[in-house]
Every structure is written in C-alpha cells, then in structure tokens.
Protein chains: 2
Amino acid sequence: MKILITSGGTTEKIDQVRGITNHSSGRLGKKIAEKFLAVNHQVTLVTTASAIKPKKHANLSIIEITDVNNLIETLEPLVKSHHVLIHSMAVSDYTPLYMTDLAEIEETNDLSQLLTKTNKERKISSQADYQVLFLKKTPKVISLVKQWNPSIQLIAFKLLVNVSKEELFQVARSSLKKNQADYILANDLTMISADKHLAYLLDDTNAYMAETKAEIADLIFEKVRKND
Amino acid sequence: MKILITSGGTTEKIDQVRGITNHSSGRLGKKIAEKFLAVNHQVTLVTTASAIKPKKHANLSIIEITDVNNLIETLEPLVKSHHVLIHSMAVSDYTPLYMTDLAEIEETNDLSQLLTKTNKERKISSQADYQVLFLKKTPKVISLVKQWNPSIQLIAFKLLVNVSKEELFQVARSSLKKNQADYILANDLTMISADKHLAYLLDDTNAYMAETKAEIADLIFEKVRKND
C-alpha cells in the first residue's frame, strides 16, 4: 500500500529572515512512518527542514516543504497517487501580508487598504518601538484532500490546548465530518510531554485511546490495515 | 580560555502552538565551536532546540534557550564568566503582544490601548479572515554584553539582505561602535548558499574576507587567539 504521511510544522515568511512557525517536532510522524516501513509499505513523508526524520529506507521517500502554498502544490499529486494520508503536520492557519508601524495605521481611514500592501524591503527595519503585522487566513489544506482523491483513506489530526475531553471530541468530530476524514486523532497540548502523549483516535461513533506516541502509531496502523 | 558562542535563532511565542522565528541553522556556530574545541578551549554553546549542534566533547557545554528573555537570563552570568563571546545567534527583534481581528481595531479610537491587551486563549482562534498582530521591540541583547563584562572580547554579527558592500560595512561598523564590539562579522543573506558563505570580519579600520563557513571560523579563531 502507498502511505502518505505529513509531519513537522509549516513556516510562513514575514521577510527573508523571519517567519511564523507552527511548532511540531516531527516525532509522531517519524514513528508512524517507521511502523509502516517495518512491514514494507511504500511511505512518502512530506515534512519540514527542522523536523526529526526516520532513517533512510528503501521504501521511504522524504519531501521537504516550507509554507502552506508549497504544501498544497506538493500534496495534490501525491494525494492522487496514494491510498492513505496521515496528516500529522501542523499547518499555519495565517500568513503575513504586510508589516508596518502604528503611525501608518493611525493615518489610515480604511484598514482594508493596508491588506493590499506588501513590504518592499527584504528585511523589515527594526527601528519602531511597535510593529503591526497583518495576516490572512491560509487555505484549509485538509478540506482539499477528498476533493483531490475521494477514495483516499484520510487520517486527520486536531490539536487543542487545555480544553475538556468533551470539547476536544466535539471539535474533532466536527472537523472529521467537515473534511470527510475517516479518522481524526484528537489531542491536547497540555497532555503531551517528553514520554507521554495522550490522544484519542475518533471516528463518528468510536474513540480509541493511546497514551504514548508509539501507541498512537500502533492505533493508526491497525485502523489503516483494516481497510487494506 | 573560556569561549562563549551563541547559535541558532530565537522564537517569540504568539500562543502555545505558534511563534515568530528568526531562521538560523546553527551551522556556523557549530563550526566555530569545533575550531576552539580542537585546541582544547572550554566552549559554552548557547543555542536553540532546532539548531545543528557539535558532537559531544569533554570541553563543550550546550545550553538551549527559546526566546529573548530566556536568552538574556541565560547569557548574563555566562558573559561574566567567559573571556570571549562570539554572538552568531539570530535574535528576534520583535515579540508578540496581542493578536486580534480587524473589527476590534476599527472600533478602537486609541490604538495604544491594544498594546496593553493580551490574549487569554492558549491557542488563538482561526475563524476571522484577517488577523492583526501587535509586536513590541525586544531589548538589544548585544548592547548589554559590555555592561555585564567590560573586559570580554566581543565578536558581533550583522546580517543584511541584498545591500551593497558599502552599506553592509557602514551598518556593521556603526553597530560595532554602538555595542563596543571588538569585531563584527558582516554578511548578506544573498551571498550565502549551501557551500558558500561570503563574509567580512571588520574592526574599526580593517576588513578580512572569508568565502566559506570554515574560513569564517578560521578568521574568528585567529583574531581571538591574538588577544589570548
């Protein structure tokens, strides 16, 4: 089977030296990849430069991406040619449009004008005491997957921070439905530490609990094989 | 001699999952550290989680930091106890204060009110089409070094993007003077690629050119030994 896995976190550039990054070590994606490689599935890992990666393996291709646009370009053909997508990457939800100082905002009657501006300089000056950064929502990559390939098995991920189990399940299942995912791995940042990673693999009706990254990889591996 | 080296790039948190990062691989700091370790100097490397690091060595201590506040806390005692600081880290010049949508800005008469607000939520919602992030200038770490230890030998770094050699030298020498650095390594991002790294080590009157990271490490090593 051809398994597509994403890991790491995208970075949206502010200028040539600064960017907004979604933190994600890549550790979970690495574990999942290794699980499938161990039984000789074909694995394509789409990840980022700073993410932790599996060792070289004859059945593993690694593709590095940077930002959301780059991710979409890269994923579209891959989603069409794979049987499963396990989308553990932390994808930026906003991308920088324009950075300026407070004075320019105070002088502007119609803020929407600033949304059409771009910074000409390659490294934005650091003179002003305060700066204001305008950001625009990025396309939701996960919502495109089933449009690209309706028959791909999609394992989505939802990370929240410090919410109740009820809220986590509710938000994750709403995302599951909206994006036509087959499963969604719901987790809370406050429940993740060096050696623990509490998570629930959800479908419409069931919830399967895991307490470590290895258990999460096991759970996902089992569910994917069931549809094999 | 006790050599303090910084490498990598700091990240200023927007919320628990997003941050503004200054990109820096840590490769140059690694090379410089290895150069001094090879002749048994004592090296302390202050760096970041994602930076590339030297191999373990009996004379090497590695300390990981995250943001500018964390860097300042960490550096102050170290600057006081070392003979040389080679400050190659890319340090964030702005840190997030408050993120909101366009509507709140349009409703606010006095923008300075927004500078005193903070986001209560741990992961800022991604509903609005546009967001606005207010940022505040961080303290200039480099300007504190000689206040902490007037006798430390300070090698500063200045990275610009796509400027003339004249402008690069002028900006770097102005920073050299302002921060009482002994040398400053002036370089331009457009002159750095996988195997090339054009840079100039400047003092008040001289400029020494290097064309690779290894040559930069050699140059800095020589200048530091001269003051030994």
Of all beta bridges DSSP finds with both residues in chain B, what is the antiparallel percent, to the nearest 5? 45 percent
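What order do you get for A:Thr116, A:Thr21 when you list them from fewest to most C-beta neighbours inside 10 Å?
A:Thr116, A:Thr21
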Between A:Ile216, A:Ile72, A:Ile105, find the one with the highest GNM mean-square fluctuation for chain A; connect C-alpha pairs within less than 10 Å. A:Ile105
With runs of 4+ DSSP H residues as the only contributors, calculate the mean residue ellipticity of chain B at 222 nm using -39,500 (n - 2.57) per run, divided by the residue total and rounded to the nearest 500. -9000 deg cm²/dmol
At B:Thr205, with labels set 7 Å past Cα in the Cβ direction, how many nm apart are the copies from this one, shortest first? 8.6
Decide, for the range B:94-137, between rounded, prolate and oblate: order the square roots of the alpha carbon gyration tensor eigenvalues as a ≥ b ≥ c, take rounded if a/c falls under 1.5, and otherwise choose prolate if a/b is larger than b/c, else oblate. oblate
Amide H proximity to A:Leu189 below 5 Å, modelled H, separation 5+ or other chain, gives A:Leu160, A:Val161, A:Asn162
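Report for the protein assembly as shown the percent antiparallel among DSSP-assigned beta bridges with both residues inside it, nearest 5.
Numbers: 48 of 96 bridges.
Bridges in the protein assembly as shown that DSSP calls antiparallel: roughly 50 percent.
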Between the helical axis of A:68-81 and the dominant principal axis of chain A, each derived from Cα atoms, what acute angle in degrees is found, rounded to the nearest 10? 30 degrees
With springs only between Cα atoms under 10 Å apart, run a GNM on chain B and tell me which of B:Ser143, B:Ser126, B:Ser92 wobbles the most. B:Ser126
With a 10 Å Cβ neighbour count serving as the proxy for reagent exposure, in which order, fewest first, do A:Ser25, B:Ser88 appear? A:Ser25, B:Ser88
Which distances, shortest first and in nm, link B:Gln113 to the matching position in the other copies, using label points set 7 Å out along Cα to C-beta? 2.3
Spacing of the two label points (7 Å from each Cα toward its C-beta) at B:Glu76 and A:Lys120, in nm: 4.2 nm
Hey, with R₀ at 51 Å, roughly what FRET efficiency would B:Leu144 and A:Met209 work out to, going by the Cβ-Cβ distance, to 0.05? 0.55
Springs between alpha-carbon atoms under 10 Å, Gaussian network over chain A: tell me which of A:Gln153, A:Gln170, A:Gln16 tops the mean-square fluctuations. A:Gln16
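Using 29 Å as the Cα-Cα cut-off, could you pick out the over-long pairs in B:Lys31/B:Lys140; A:Lys55/B:Lys31; A:Lys137/B:Lys196; A:Lys56/A:Lys80? Could you put the intermediate results ahead of the total?
Working: B:Lys31/B:Lys140 25 Å; A:Lys55/B:Lys31 24 Å; A:Lys137/B:Lys196 36 Å; A:Lys56/A:Lys80 24 Å.
Going by Cα-Cα distance, A:Lys137/B:Lys196 fall outside the 29 Å limit.
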For A:11-23, what's the mean count of beta carbons from other chains sitting within 10 Å of each residue's beta carbon? 6
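Quick note: the coordinates plus some simple rules give every number you see, no bench work behind them. Just so you know, these numbers come straight off a predicted model, no measurement behind them. With ideal geometry, Cβ positions are generated from the backbone for all residues, glycine too; neighbour counts draw on all protein chains shown.
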